[in-house]
Amino acid sequence: MSRHVKQRIVSWMALGCLLAVLCSFGMDASAQQRFPKPEFENGHTQPPTFTPAPRADFMEVVDVFVLILSLSVVTWLVLNKRSRKGVFWASIFSIFYFGFYREGCVCSVGSLQNVTLALFHTGYQIPYTVIAFFVIPLIYTLFFGRTFCAAVCPLGAIQDLVALKPYSLKSWVEKTLGLFPVVYLGLAILYAATATDFVICRYDPFIGIYRMEGSFNMLVLGAAFLLAGVFIARPYCRFFCPYGVLLNLASRVSRRHMTITPSTCIQCKLCEHSCPYGAIEKPVPAHTKEKRSGLVNNAIFLSLIIPVLILIGGYAGSLLHESLAKVNPTVRLAEQLLNEVETVDGIIPLEIEAFRSSGQSLESLYAEAAGIIQQFYIGGWILGGIVGLIFGITLARLTIYRYRKDYEPNKGRCLSCTRCMDFCPVEE
Amino acid sequence: MKMDLWKGIAILAAVFMLLVSLLTIVNYLQIQRADPIHTETINLLVDRLNQNPQDVSLRDQIRELDLLVRKAYFTNQWQVRTGAYLLLISLAVFIIAMQIVEGRKKPQPELETEETEGFLSIQKNTRRWVAVGGGVLVTTALLLTYLTHSELENRFELAAQGKPEVEKQLPAKDSVVVVQNKQADVSKQAEVVPVPEVLPNVEESKEVEKKPVEVQPKQIAENEKIEPESPKKTEPSKTISEQTLKNNFPSFRGYGGNGVSFKENLPLHWDGPSGENVLWKTEIPLHGYNSPIVWEDKVFLTGANDERQEVYCFNGNTGVLVWTAVIDNIPGSPAVSPEVTPDTGHAAPTMCTDGTHVYAIFSTGDVVALDMSGSIVWARNLGVPRNHYGHSSSLLTYEDKLLIQYDHSNEAKVMALNTQTGETLWSTARKVKVSWASPVLVNTGSQMELILNADPLVASYNPETGEELWQLKCMMGEVGPSVVYADGVVFAMNEYASLVAIQLGEQATILWEDDEFLSDVPSPVATDQYLFVATSYGVLVCYDAKTGEKYWEQEYDDGFYSSMMMNGDHIYLIDKRGITHIFKASNVFEEIAASPLGEAVYTTPAMGDKSIYIRAEKHLYRIGM
């Protein structure tokens, strides 16, 4: 198939997708009257009140279809076409579809909480769409690297778009801050497993922008991330995204990851500063090896310190269990009632009113709250232990010497944005 | 050439974006400051309209102004929204143009640098910072734990088992010391002046003055303050005849709290703003939602806030505030007043009297008995009621007993205190939720019964012993209205629950039920034939007392918080705006009069001799001719 024909097929597919999106805008128009209108004696005509009809079920299938299609197209653009321009326009599409049209929901980043909740609470019926949004990007990443991050994730795409003057961060900053998503992932799992909250969604900085409404704080947070993103490319993806942790792990073992150069690296260094995410590993000559004795000492030290770090982390996490548990609505309500804080600014909080009308006894509420805090205690140990382990592993990896001949993308951190390819003068 | 075009687009978009941002921010700030519901000018005009409700042009002016304010508010909102869209579009254009411009720039190859040495130092440096990061995380965890840990899990576990860890915070119980003959901080304000000499009697004043006498409470300077009387010896309570109690107005909703008064020639027509038939009007020092009680020529009220609890005695003939007793330093009383909501306050329960003493209770759980000159006979704290709105059940007396409905979330009970000493004579635990209703004491033919309304029980007790006589599980929610009794039937209701008619007999049984019109605050009145229900949203309904058949319903613009009072075949009901609707107790609606007071009223009127006492928001009024 000639290149011209391929381009035409892609154009038609893109046009088809666009038409599908535009048509779907009109689908929710049918609606129904919910309450009877009040009657006014002065002849005032009440404007009609409508409640939008729920979104059609089949649209969920369409969402999954669009996700697969987008991932396939972007993967093809990254691995086959090596087209930065193509990836750029695909980002625009994702911003439009998954961002503004779908209002950032369902998103793969948040879906990991639904999956966790479903694993820990059998009563929760997780929608298949959500499972699809969680699993499909992971599968693609296992095979092709983080093409999902490249241009399909709406959170990443909007940040990629604003990365106009990105500055490289020092490696130690990148590595140290890069550990925070692990902590965030742990917290998100802990809160979802205890049915406390979906913190990723609650603190999603871009949801307010995509929905064009939200609290002032939410919009300011989104604006701050975008503003920071002009100079520090994709700050949320690199230093916060919990789903990125999973994609990072999957991408490390990906079968066919993108490469900077299509054939042999000529060491021209044109790509050296092209990656705004600091994901290009530079060549490391063989003579930079550390002394053998130093390496052995490091290895012994780390093998001892990793278990210690796990214990310290676990202990610190367990200490925090009460503070963490206070986010849980049941614990918060029980604490309010225990401390007899029954009104806030003279108004009874809705939670307390709801509790009173539920008929549940105070004793059972306290028992339930105590049980939740116990869950957080165990969760705190596990979370802290894992964070300690990750720190240990990171330290260990930083002592390992790796010989490298060419400029290569770091398979875990590379977001497959293809900027570096655009700079490579080597042709196939 | 193409690059210049994209650069130009980017610059244009940036300038446009800045302008739109600026305008949107200004609009946003305007919206934040504007509150179309609480516009100062409109509020002033509404106040003026309240004083003169017939002013049609003022009403129209308010409407026009209100429409204008709302239009401005929504236009601003529209502008902000449109601004946001424009901003978004221009931002998108700017970013795309910039991306294209930046993407086309090609970098220059860099000269060889000493990377090899850097690699190891980078590794080392990174290790150090990762370790520091870990240290920061652990330190943060320890610091947070230190700052926020409060043994919650243990406290919850103990609370779940009902152990003292929690109970230590609960209020004290009946073992509180009873203070007898404690001298209250009594400010005598007018007793020194013989009333007849100051003002002509009421009959005469009608002839002389058309305007009501407005009495301001006198502020007595420190040096003028009259020394409180020395503690009096407790005077034994005389047995007061039923007729004497009926001749007075000794408690909330009259004798027994059943909503019936036994007076003659009560006024029908008055007009507060012009002063027609308003005998006097006196400012009440502290706020309270309790209603007046009357004994002979004395009218009693309470008022309280976070810091102060006071009992007031007014001269019924002149309106002069005779004395004010400050209720403080009661053993067991909390140092800080419990949290209450503004719509209940600290002084919601109405006082009661047996003619010898007057009794008051406050949100703190402080109960006090005072003699007729304002000296404290005894005082005690019943334990701070755990009540999320504030305690509001009113008091009743029966022979030598002060009857208290004390249904709170920490403890629910009904109790009787000795009117002479304040000691507990009996106390009966109740399995009910918090109730804001007041007790009703009626003679059901065979005996006196104390009937209480709460979630989930309507229950009756023997006022002599506290023994439960009967109960029916038929109520739910946050119960506000008290029951009413007539001809062997008890009527109880609450909003979001139902209206229940309970036939008394060998066994209390439900006669009929209805759930169309329910009250959450005002209590009903009943005759042998009819039941009258008023709701806080302004509907007045008449039912057949025996069958539940609805005879009529009447809707008013303003709702009711005040409870109805029945006198003969007339029913008095005051709406929130202060208009008293007087209608016939009949199966056909017939309004006899609608008399405005000119001030908001949330309390129930007390019936005096040929006159009515009304506690409005800030003033106490005596209406009469």
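So here's what we get for this one:
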{"quantity": "Odd one out for residue A:113 among (1) more than 24 Å from residue A:150 (Cβ to Cβ); (2) modelled with pLDDT of 95 or more; (3) of a type outside the set (A, V, I, L, M)", "calculated": "(1)"}
{"quantity": "Members of the stretch A:394-418 that are among the hydroxyl-bearing types (Ser, Thr, Tyr), more than 9 Å from chain B (Cβ to nearest Cβ) and in contact with a strand residue (DSSP E or B) (Cβ under 9 Å, 6 or more places away or on another chain)", "calculated": "A:403, A:407, A:416"}
{"quantity": "Among (1) more than 23 Å from the chain's Cα centre (by Cα); (2) over 28 Å from residue B:399 (Cα atoms); (3) of a type in the set (Gly, Ala, Ser), the one test that residue B:498 misses", "calculated": "(1)"}
{"quantity": "Only one of A:275, A:271 that is facing chain B (nearest Cβ under 10 Å) and more than 29 Å from residue B:143 (Cα to Cα)", "calculated": "A:271"}
{"quantity": "Selection status of residue B:521, assigned by TED's automatic domain parsing to the domain that holds residue B:255 and at pLDDT 95 or above", "calculated": "no"}
{"quantity": "Residue match in the stretch B:543-557 (condition: on the phi > 0 side of the Ramachandran plot, in contact with an Asp or Glu (Cβ under 7 Å, 6 or more places away or on another chain) and not polar (S, T, N, Q))", "calculated": "yes"}
{"quantity": "Enumeration of residues in the stretch B:563-608 that are in contact with a His (Cβ under 8 Å, 6 or more places away or on another chain) and basic (Lys, Arg)", "calculated": "B:584"}
{"quantity": "Test set (1) surrounded by 22 or more Cβ atoms within 10 Å (Cβ to Cβ); (2) of a type outside the set (Gly, Ala, Ser); (3) assigned to a strand (DSSP E or B) - residue B:441 fails condition number", "calculated": "(1)"}
{"quantity": "Strands (runs of 3 or more DSSP E) wholly inside the stretch B:252-329 that include at least 3 residues being touching a residue at least 60 places away in the same chain (Cβ under 8 Å) and under 19 Å from residue B:395 (Cβ atoms)", "calculated": "B:293-295, B:298-304, B:309-315"}
{"quantity": "Those residues of the stretch A:394-428 which are assigned to a loop (DSSP other than H, G, I, E, B) and either under 20 Å from residue A:159 (Cα atoms) or modelled with pLDDT of 90 or more (or both), in sequence order", "calculated": "A:410, A:411, A:412, A:413, A:414, A:415, A:416, A:417, A:418"}
{"quantity": "Given (1) surrounded by fewer than 24 Cβ atoms within 10 Å (Cβ to Cβ); (2) of a type in the set (Gly, Ala, Ser); (3) more than 14 Å from chain A (Cβ to nearest Cβ), number of the condition residue B:291 does not satisfy", "calculated": "(1)"}
{"quantity": "Number of the exception - residue A:421 against (1) farther than 25 Å from residue A:319 by Cα; (2) facing chain B (nearest Cβ under 9 Å); (3) of a type in the set (A, V, I, L, M)", "calculated": "(2)"}
{"quantity": "Selected residue (only one of B:380, B:430 is basic (Lys, Arg), farther than 25 Å from residue B:490 by Cα and buried (at least 20 other Cβ atoms within 10 Å of the Cβ))", "calculated": "B:380"}
{"quantity": "Wholly enclosed helices (runs of 4 or more DSSP H) of the stretch A:296-393 bearing at least 2 residues among the polar types (S, T, N, Q), over 25 Å from the mean Cα position of the chain (by Cα) and more than 8 Å from chain B (Cβ to nearest Cβ)", "calculated": "A:329-338"}
{"quantity": "Single residue of A:177, A:190 found to be within 14 Å of another protein chain (Cβ to nearest Cβ) and surrounded by 21 or more Cβ atoms within 10 Å (Cβ to Cβ)", "calculated": "A:190"}
{"quantity": "Among the residues listed as B:530, B:485, the single one being at pLDDT 95 or above and over 28 Å from the mean Cα position of the chain (by Cα)", "calculated": "B:530"}
{"quantity": "Residues satisfying the stated conditions in the stretch A:40-60, i.e. without any contact (Cβ under 8 Å) to a residue 12 or more places away in the chain and not hydroxyl-bearing (Ser, Thr, Tyr)", "calculated": "A:40, A:41, A:42, A:43, A:44, A:46, A:47, A:54, A:57, A:58"}
{"quantity": "Unmet criterion (only one of (1) more than 8 Å from chain A (Cβ to nearest Cβ); (2) at pLDDT 80 or above) for residue B:144", "calculated": "(1)"}
{"quantity": "Those residues of the stretch B:27-60 which are surrounded by 11 or more Cβ atoms within 10 Å (Cβ to Cβ), modelled with pLDDT of 85 or more and of a type in the set (D, E, K, R), in sequence order", "calculated": "B:48, B:55, B:59"}
{"quantity": "Residue in the stretch A:378-393 that is aromatic (Phe, Trp, Tyr) and under 30 Å from residue A:184 (Cβ atoms) present", "calculated": "yes"}
{"quantity": "Condition met for residue B:305 (assigned by TED's automatic domain parsing to the domain that holds residue B:610 and at positive phi)", "calculated": "no"}
{"quantity": "Candidate set from the stretch B:501-527 (those that are among the hydroxyl-bearing types (Ser, Thr, Tyr) and under 28 Å from the mean Cα position of the chain (by Cα)); member that is farthest from residue B:564 (Cα to Cα)", "calculated": "B:519"}
{"quantity": "Filter result (assigned to a loop (DSSP other than H, G, I, E, B), surrounded by fewer than 24 Cβ atoms within 10 Å (Cβ to Cβ) and away from chain A (no Cβ under 14 Å)) within the stretch B:339-372", "calculated": "B:355, B:356, B:372"}
{"quantity": "Complete set of residues in the stretch A:72-119 that are assigned to a helix (DSSP H, G or I) and within 17 Å of residue B:88 (Cα to Cα)", "calculated": "A:91, A:92, A:93, A:94, A:95, A:96, A:97, A:98, A:99, A:100, A:101"}
{"quantity": "Exclusive hit being at negative phi and either surrounded by 18 or more Cβ atoms within 10 Å (Cβ to Cβ) or in a strand (DSSP E or B) (or both), set B:513, B:506", "calculated": "B:513"}
{"quantity": "Given (1) farther than 25 Å from residue B:251 by Cα; (2) surrounded by fewer than 24 Cβ atoms within 10 Å (Cβ to Cβ), number of the condition residue B:581 does not satisfy", "calculated": "(1)"}
{"quantity": "Single condition residue A:211 does not satisfy, out of (1) surrounded by 13 or more Cβ atoms within 10 Å (Cβ to Cβ); (2) closer than 15 Å to residue A:409 by Cβ; (3) under 23 Å from the mean Cα position of the chain (by Cα)", "calculated": "(2)"}
{"quantity": "Filter result (among the charged types (D, E, K, R) and in a strand (DSSP E or B)) within the stretch B:473-503", "calculated": "B:473"}
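Every residue, every condition in (1) of a type in the set (S, T, N, Q); (2) closer than 28 Å to residue A:75 by Cα; (3) surrounded by 18 or more Cβ atoms within 10 Å (Cβ to Cβ), yes or no:
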| residue | (1), (2), (3) |
| --- | --- |
| A:224 | no, no, no |
| A:240 | no, yes, yes |
| A:246 | no, yes, yes |
| A:255 | no, yes, no |
| A:270 | no, yes, yes |
| A:322 | no, no, yes |
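The values are calculated or read from the model by the stated rules, or taken from the named source; none is laboratory data. Here the structure is a predicted model, which means the values were calculated and not measured. Cβ: placed from backbone, ideal geometry, glycine included. Neighbour counts: every protein chain shown.
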